[in-house]
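We did not get these values from a lab; they are worked out from the coordinates using the rules stated. Small disclaimer: the values here were computed from a predicted structure and weren't measured. Here Cβ is always computed from backbone atoms with ideal geometry, including for glycine, and neighbour counts include all displayed protein chains.
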Amino acid sequence: MLQKLINRYCQFLNYLLVAALALMVVLVFTNVVLRYAANSGISVSEELSRWLFVWLTFLGAIVALNEGAHLGTDTLVSRLSVRGKKVCLVLAHVLMLFVCWLIFKGSLDQVKINWDSTSAAMEVSMALFYGCGMVFAVSGAVILLNHLWRLFTGQLSEAELIGIRESEEEPIDVPKPLK
């Protein structure tokens with residue numbers, strides 16, 4: 001049930017990513033044309049594109065975490081027994097949850113510090129810029145906790161015990177529970 005909700009959330013994030021990327025392309029292209037042709041430009045174009053790129057990076061990391069699409073190496077883990085793979089998965093997830101906490105804490109501190117600061121061109125609170133770390137940390141922690149829950153309840157397949165995929169052609173979802 002939670003996995004379906006996470007998958008829908010990631011599908012929504014995919015739509016946001018496409019929209020943000022399209023907006024970035026339009027902003028940058030329009031700005032280049034205006035600077036070349038009319039010797040003017042859109043003043044917020046550069047800053048908004050930078051903000052969109054940062055948000056795109058953090059939201060894309062959420063989707064990649066859910067799909068197991070991050071870079072990694074499985075040389076050691078793939079040679080372990082199922083029990084060894086489970087131990088490594090739990091250790092890795094606990095460490096990643098700690099990193100999510102650090103990112104959340106740091107982002108929250110930056111949001112508090114920059115709440116009253118505004119950006120130069122858009123004049124929007126800088127807290128919105130730093131909030132992407134909090135969104136990533138909370139979303140990532142939910143995905144990691146769900147992954148651990150699926151492991152402890154036996155819903156995680158052996159293929160999912162290794163947190164990376166060999167290639168993009170491999171299927172993402174292989175829901176064959178362990179015994």
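Every residue, every condition in (1) in contact (Cβ under 8 Å) with a residue 24 or more places away in the chain; (2) farther than 21 Å from Glu160 by Cβ; (3) surrounded by fewer than 14 Cβ atoms within 10 Å (Cβ to Cβ); (4) under 19 Å from the mean Cα position of the chain (by Cα), yes or no:
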{"residue": "Leu95", "(1), (2), (3), (4)": "no, no, yes, yes"}
{"residue": "Ile103", "(1), (2), (3), (4)": "yes, yes, no, yes"}
{"residue": "Ser117", "(1), (2), (3), (4)": "no, yes, yes, no"}
{"residue": "Ala120", "(1), (2), (3), (4)": "yes, yes, yes, no"}
{"residue": "Phe136", "(1), (2), (3), (4)": "yes, yes, no, yes"}
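Residue count for region 5-36 under the criterion of being of a type outside the set (Lys, Arg) and under 24 Å from Ala69 (Cα atoms): the result is 18. Among the residues of region 125-157, those identified as part of a helix (DSSP H, G or I) and farther than 17 Å from Leu59 by Cα are Met126, Leu145, Asn146, His147, Leu148, Trp149, Arg150, Leu151, Phe152. Screening the candidates Ile42, Ile62 for the property of being surrounded by 12 or more Cβ atoms within 10 Å (Cβ to Cβ) and in a loop (DSSP other than H, G, I, E, B) yields one hit, Ile42. Return the pair list, or none, for Cβ contacts closer than 8 Å from residues in region 53-78 that are within 25 Å of Ala22 (Cα to Cα) to residues that are of a type in the set (Phe, Trp, Tyr), at least 6 apart or on different chains. Here the result reads Val54/Phe129; Phe58/Phe136; Leu59/Phe136; Ala61/Phe136; Ile62/Phe136, each pair linking region 53-78 to a residue that is of a type in the set (Phe, Trp, Tyr). When the criteria are applied in full, Arg50 meets the requirement of being of a type outside the set (Ser, Thr, Tyr) and closer than 15 Å to Cys132 by Cβ.
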